[in-house]
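Note sheet for the following structure.
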Amino acid sequence: MTHQDADRAGAEAAERDVPAFSVLLPVYAGDRAEWLRRAFASITTEQELPPDEVVLVRDGPVPEELEAVITQLREESGVPVQYVPLPQNLRLAGALSVGLERCTHEVVARADADDICLPQRFARQIPAMAELDLLGSAMAEFSAESPEDSAIMQGTSATRSRPETGEEIRAYAAFHNPFNHPSIVFRKSAVLAAGGYQDMPLMEDYWLFVRMIADGARVGNVGEPLVAYRVGEELFERRGGLRALRSDLRFQRGTHALGITTRGQYLRNLALRAGYRLVPGRLRAWGYNKFVADRNERRRPVGEQE
């Protein structure tokens, strides 16, 4: 993006009476071309409040089909695209760190290459950033193999809700991730002040959030689903194993050192998380759907809006 483009984006944002904002979108070899195309449309042309730029980070080499779609999206996008092709895969934290440096604007929204942002997402979240450093939302789930799930639009799909107020979020963070990462919008300065994204496989986002909370960041969640989240069995498969367990143990030690958890909570988390990481993927998925998803649905009826 040139200085002229940035100035023009800032002027247009001022006319809309909202801050100019970037969307940070990482892509890697495991993403599917058709899913990226759908995700990109959902953060640009389909938004009631379109972004002022998209920072698309290619995390290492990707298949030819995916590269071709990236090229087409860059050429045809009505929203300025900063393309950041990394020669090697840096994993999520590394790719997001590089991408964040390239974001022109203070307000940054995260998006993933396999999810769908609902049309009202940025119109709901961006104005609220005048008083917040980090804002997430609930998410609606849909099948990994479905290009579009009518249940999302009808408000009948399962949701992943999160606590909405700062006080509730701080209490919840001792036991669970208090934000849905693909739904968040944040202030770039607040993320950098907390140390930015740091490598902690499968938990990069949670680790950032607890550090921001410990730093006194102003946080919140929108109760309505603003992102449609693609789920499948492979999601729960990659959350298990010794690598995930080692990352989780490191995270729990760090969270306790920050004062987010008491000693009793820390020991409880160690025991529960070890069991969660080591059981088979199907059992992990069953446990989530039985005890976490069901609880979220009871907290807020699906489709209910503020």
>> Please list 3J(HN,Hα) in residue order for segment 159-175, calculated via the Karplus relation 6.51 cos²θ - 1.76 cosθ + 1.60 where θ = phi - 60°; whole Hz, with x for glycine and proline.
In response: 10, 10, 8, 9, x, 9, 9, x, 5, 5, 5, 5, 5, 5, 5, 5, 10
> Which length gain, in nm to one decimal place, applies between GLU48 and ALA128 when the Cα-Cα distance is subtracted from 0.36 nm times their residue separation?
Replying inline: 27.3 nm
> In nm, what is the difference between 0.36 nm times the number of residues separating THR71 and TYR83 and their Cα-Cα distance?
Replying inline: 3.4 nm
>> Skipping prolines and chain starts, which residues have an amide H placed within reach, meaning under 5 Å, of the one on VAL54, given they are 5 or more residues away or on another chain?
In response: VAL23, VAL81, GLN82
>> Cut-off 17 Å, label point 7 angstrom out along Cα-to-Cβ of ASP17: give me the residues of segment 27-49 whose amide nitrogen falls inside.
In response: 49
> Which far-off residues, 5 or more places away or on another chain, put their amide H under 5 Å from the one on ILE184, with H placed in the peptide plane?
Replying inline: ARG110
> Based on the Kirkwood radius over alpha-carbon pairs, what is the Stokes-Einstein translational diffusion coefficient of segment 3-233 at 20 °C with 1.002 mPa s viscosity, in µm²/s?
Replying inline: 121 µm²/s
> Short version: ³J(HN,Hα) in whole Hz for each residue of segment 110-118, in order, from phi by Karplus 6.51 cos²θ - 1.76 cosθ + 1.60 (θ = phi - 60°), x for Gly and Pro, what are they?
Replying inline: 8, 8, 10, 7, 10, 10, 10, 7, 6
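Only the coordinates and a few stated rules stand behind these numbers; no lab work does. Since the structure is predicted, the reported quantities are computational estimates derived from the model, not experimental observations. Virtual Cβ from ideal backbone geometry, glycine too; neighbours counted across all protein chains shown.
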